[in-house]
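Undergrad: Please see the structure below; I have some questions.
The values are calculated or read from the model by the stated rules, or taken from the named source; none is laboratory data. Here the structure is a predicted model, which is why all the values come from computation and not from measurement. With ideal geometry, Cβ positions are generated from the backbone for all residues, glycine too; neighbour counts draw on all protein chains shown.
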Amino acid sequence: MDKNEFEQLLHQLIPITKAMEFSVIEFTPSKVGISAKLEPNINHKSTAFGGSINSLMTVCGWAMMFANIKGIDPDAHIVIQKSNINYLVPIKEDFIAECELTDEESKRKFLQMYTKYKKGRLKLNVSCYNQDTLLAEYEGQYVAFK
């Protein structure tokens, strides 16, 4: 599935992502990037709403799980189990969330657990930035299950 197909599926499965103008800019099993426009996600201070930032980062991690599990089991369900976010600076323009899965050992263990028990957990880190400025950091634990 390429990034455009995934974006269409994302908007279908999670309709609010279309209203929030989330756009998939990269979608591979090792890296996912999703952008958001400021305008539909603005708060009363003319900065990005914290809930929108959290949503973008949560969806980015969910997309990483999707990119890694759906080839193994197209019927797998993916949920967020817990997360933590640190907002570093106010966001005053369009922003991007990016998740990289470079820890091959964690990925191997996750897939091994899923194959054996039909359930696996994976902790993912997501960064939110615009240009070169880190805006927020996020850590989420996701669960895939049959």
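Undergrad: Looking only at strands (runs of 3 or more DSSP E) that fall completely inside segment 31-146, which ones have 1 or more residues that are over 27 Å from Asn4 (Cβ atoms) and under 17 Å from the mean Cα position of the chain (by Cα)?
TA: In segment 31-146, the matching strands (runs of 3 or more DSSP E) lie at 77-87, 119-130, 133-145.
Undergrad: Next question, about the same structure. Could you identify the single residue in Val32, Val59, Val89, Val79 that is of a type in the set (A, V, I, L, M), modelled with pLDDT of 95 or more and in contact with an Asp or Glu (Cβ under 9 Å, 6 or more places away or on another chain)?
TA: From the options Val32, Val59, Val89, Val79, the qualifying one is Val32.
Undergrad: Taking segment 103-130, which residues are closer than 18 Å to Ile34 by Cβ and of a type in the set (S, T, N, Q)?
TA: Asn125, Ser127, Asn130, listed by residue number.
Undergrad: If we keep just the residues of segment 11-39 that are in contact (Cβ under 8 Å) with a residue 40 or more places away in the chain and among the hydroxyl-bearing types (Ser, Thr, Tyr), which is nearest to Leu122 (Cα to Cα)? Even if it seems obvious, please write down each step before you answer.
TA: First pass over segment 11-39, keeping only residues in contact (Cβ under 8 Å) with a residue 40 or more places away in the chain: 14, 17, 25-27, 29-38.
Those still in the list that are among the hydroxyl-bearing types (Ser, Thr, Tyr) too: 17, 30, 35.
Values: Thr17: 23, Ser30: 14, Ser35: 23 Å.
The selected residue is Ser30.
Undergrad: Does Leu101 satisfy being in contact with a Lys or Arg (Cβ under 9 Å, 6 or more places away or on another chain) and not aromatic (Phe, Trp, Tyr)?
TA: Here the answer is yes, as Leu101 does meet what is asked.
Undergrad: Of everything in segment 58-82 that's exposed (fewer than 14 other Cβ atoms within 10 Å of the Cβ) and touching a residue at least 60 places away in the same chain (Cβ under 8 Å), which residue is farthest from Leu10 (Cα to Cα)? Can you show your working first?
TA: So in segment 58-82, the residues exposed (fewer than 14 other Cβ atoms within 10 Å of the Cβ) come out as 71-72, 74-75, 77, 79, 81-82.
Filter once more, so that each one left must be touching a residue at least 60 places away in the same chain (Cβ under 8 Å): 75, 77, 79, 81.
Values: Asp75: 16, His77: 14, Val79: 14, Gln81: 19 Å.
Here the residue is Gln81.
Undergrad: Take the residues in segment 10-57 that are charged (D, E, K, R) and within 20 Å of Leu101 (Cα to Cα); name whichever of them is surrounded by the most Cβ atoms within 10 Å (Cβ to Cβ). Talk me through it step by step, then tell me what you get.
TA: First, pick out the residues of segment 10-57 that are charged (D, E, K, R): 18, 21, 26, 31, 37, 39, 45.
Of the ones still in play, those that are also within 20 Å of Leu101 (Cα to Cα) are 26, 31.
Values: Glu26: 18, Lys31: 14.
Among residues in segment 10-57 that are charged (D, E, K, R) and within 20 Å of Leu101 (Cα to Cα), the one surrounded by the most Cβ atoms within 10 Å (Cβ to Cβ) is Glu26.
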